[in-house]
Amino acid sequence: MHELKTNQVKITLKRSLLIVALLLPAFAVAQQRHDPLLIQSLQDNLRHADSFTDRFEAEVWLLVMSQRMQPFIKDPGQRIQLLQSVHREASRTNLPAELVLALIHTESSFDRFAVSSAGAQGLMQVMPFWKSVIGRPDDNLTDIETNLRYGSAILSHYLERESGNLTRALARYNGSPGQTWYPERVYKNWNRHWKND
């Protein structure tokens with residue numbers, strides 16, 4: 001009996017070490033009229049960085065989402081790093097991380113160097129004019145952290161502006177207010193690939 005408990009402790013220790021190892025690695029067309037509240041939100045979000053607070057939840061989420069992301073990004077280390085960043089930025093802006101993953105899937109298919117015909121850049125397809133509008137012209141929108149911070153802040157702002165109506169917020173994010181084709185694409189990816197059952 002004592003040997004069984006010792007083995008369980010060893011397994012728990014190994015599992016804890018695995019968790020630590022996993023956690024240590026470290027726009028589409030928007031409106032042309034610049035919204036001062038959105039500008040303020042972007043500026044505020046570019047100053048702060050948060051992380052997972054619950055290690056066990058982080059391990060489970062990272063492993064499940066990493067498996068789902070494998071068709072897009074082959075390297076497991078890159079997947080884990082991207083997932084950590086997505087989770088951090090989604091948490092900071094009170095968005096479901098799975099929704100952000102669905103938006104990235106829709107916008108760029110996880111290609112951090114994607115550029116749209118309108119000039120939107122990176123994972124979340126952020127328009128470059130936002131850099132000048134918020135006074136950060138040297139920001140690199142193909143940098144994963146920067147792109148996720150911009151995109152998440154913008155979507156969160158639109159969600160607040162639309163009184164929690166996600167369909168309208170997604171349409172506004174895409175620059176197609178009043179239309180539903182873009183939100184429907186995001187919902188389809190969210191439900192098929194990223195939503196936790």
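Read-outs: derived from the displayed coordinates by stated rules, not from any lab. If you're wondering where the values come from, they're calculated on a predicted model, not measured in any experiment. Please note: Cβ atoms are built from the backbone with ideal geometry, for glycine as well, and neighbour counts cover all protein chains shown.
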For this session: Subtract the Cα-Cα distance of residue 55 and residue 167 from 0.36 nm times their separation in residues, and report this length gain in nm to one decimal.
Result: 37.1 nm
For this session: Enumerate the calculated ³J(HN,Hα) couplings along region 159-165 in order (Karplus 6.51 cos²θ - 1.76 cosθ + 1.60, θ = phi - 60°), each rounded to whole Hz, writing x wherever the residue is Gly or Pro.
Result: 5, 5, 4, 8, 6, x, 7
Exercise. Label points 7 Å out from Cα along the Cβ direction at residue 113 and residue 143: separation in nm?
Worked result: 1.8
For this session: Calculate the spin-label point distance for residue 72 paired with residue 129, positioning each point 7 Å from the Cα along the beta-carbon direction, and give it in nanometres.
Result: 2.7
Problem set entry | Calculated from backbone phi, Karplus (6.51, -1.76, 1.60) coupling profile of region 93-107 in Hz, x at Gly/Pro | 9, 6, 10, x, 4, 5, 5, 4, 4, 5, 5, 4, 4, 5, 6
